[in-house]
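Inspection log for the structure reproduced underneath, given as structure tokens.
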Amino acid sequence: MQRTDFLFQHLQTGKILDVGNLGMDAEIHDLLIKKYSDSQIYGLDVENQAKYGKNYSNQLVGNAEAMPYEDNLFDTIYLGEVLEHTWQPKVLIGECFRVLKPGGVLILDTPNVYALSRLIRYFIIGQDIILGNPDHKIFFSRAMLDNLFKKVGFNVITTMADNKFTLKSKNFSLPRFGALKFQGEHLLGAARKPHGN
């Protein structure tokens, strides 16, 4: 399963917040707008959309660790490769909890610390990389994601790895058996805010 497939599988329509949406030429944000035209799609990024030549109507500049939204507003929040950019993941996930409606869903993806490509580079070449970006702060395992969701108050729907394997800028699919099913490039997580919160 790939990142966008996972997102679309778990997404709830209505009000959808895409955090860090301007990255990668806003490709996923544009997909959300196109695919869910009956929903209200919001974007939150640390940079101004004008820098990227975008003009989204529901776009704000802001920090995900102090979201500029009222409580219980969104049906779905998507964090696409955002979590690894903060030193305060519990604060960020707590903000998602706050602005989600009861029953709302948080969906995220983040680089996998146990990705097969990373392990190969480490054990064979001795290269310990920061998963592709010098702005990355903390890397997660499935157990760490589950624990983070639960500590904030979410009910975990699922955490898994995609089946993508990248070698020398070429992508391959990993088989879905044994340890290999946990060694894709990204971790994918979905969690629900309980009703009554």
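The values are calculated or read from the model by the stated rules, or taken from the named source; none is laboratory data. Values in this document were obtained by computation on a predicted structure and should not be read as measured data. Counting neighbours? That spans all protein chains shown, and the Cβs are built from the backbone with ideal geometry, glycine included.
Counting only strands (runs of 3 or more DSSP E) that fall entirely inside region 156-197 and contain at least 3 residues that are crowded, with 21+ Cβ neighbours inside 10 Å, the qualifying elements are 186-192. Quick check on V91: is it at pLDDT 95 or above, touching an Asp or Glu at 6+ places or on another chain (Cβ under 8 Å) and assigned to a strand (DSSP E or B)? When the stated conditions are applied, V91 does not pass them. The single condition among (1) in contact (Cβ under 8 Å) with a residue 60 or more places away in the chain; (2) more than 16 Å from the chain's Cα centre (by Cα); (3) closer than 26 Å to G14 by Cβ that V105 does not satisfy is (2).
Residue-by-condition table, conditions (1) aliphatic (A, V, I, L, M); (2) farther than 12 Å from H29 by Cβ; (3) at pLDDT below 95:
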position: Q40; (1), (2), (3): no, yes, no
position: G43; (1), (2), (3): no, no, no
position: K51; (1), (2), (3): no, yes, yes
position: Y56; (1), (2), (3): no, no, no
position: L60; (1), (2), (3): yes, yes, no
position: P68; (1), (2), (3): no, yes, no
position: T76; (1), (2), (3): no, yes, no
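When the residues of region 132-155 are filtered to those that are aromatic (F, W, Y) and under 14 Å from the mean Cα position of the chain (by Cα), the one that is surrounded by the fewest Cβ atoms within 10 Å (Cβ to Cβ) is F139.
Within region 73-80, the presence of at least one residue that is buried (at least 20 other Cβ atoms within 10 Å of the Cβ), among the small types (G, A, S) and either touching a Lys or Arg at 6+ places or on another chain (Cβ under 8 Å) or assigned to a loop (DSSP other than H, G, I, E, B) (or both) is confirmed. Listed here are the strands (runs of 3 or more DSSP E) enclosed by region 1-61 that have at least 3 residues being crowded, with 16+ Cβ neighbours inside 10 Å and of a type outside the set (G, A, S): 15-19, 40-45. Once region 2-32 is narrowed to residues that are touching a helix residue (DSSP H, G or I) at 6+ places or on another chain (Cβ under 9 Å) and of a type in the set (V, I, T), the residue that is nearest to F172 (Cα to Cα) is T4. Do we have any residue at all in region 121-131 that's assigned to a helix (DSSP H, G or I), free of Cβ contacts under 8 Å to residues at least 24 places away in the same chain, of a type in the set (V, I, T) and surrounded by fewer than 18 Cβ atoms within 10 Å (Cβ to Cβ)? The answer is yes, given that some residue of region 121-131 is assigned to a helix (DSSP H, G or I), free of Cβ contacts under 8 Å to residues at least 24 places away in the same chain, of a type in the set (V, I, T) and surrounded by fewer than 18 Cβ atoms within 10 Å (Cβ to Cβ).
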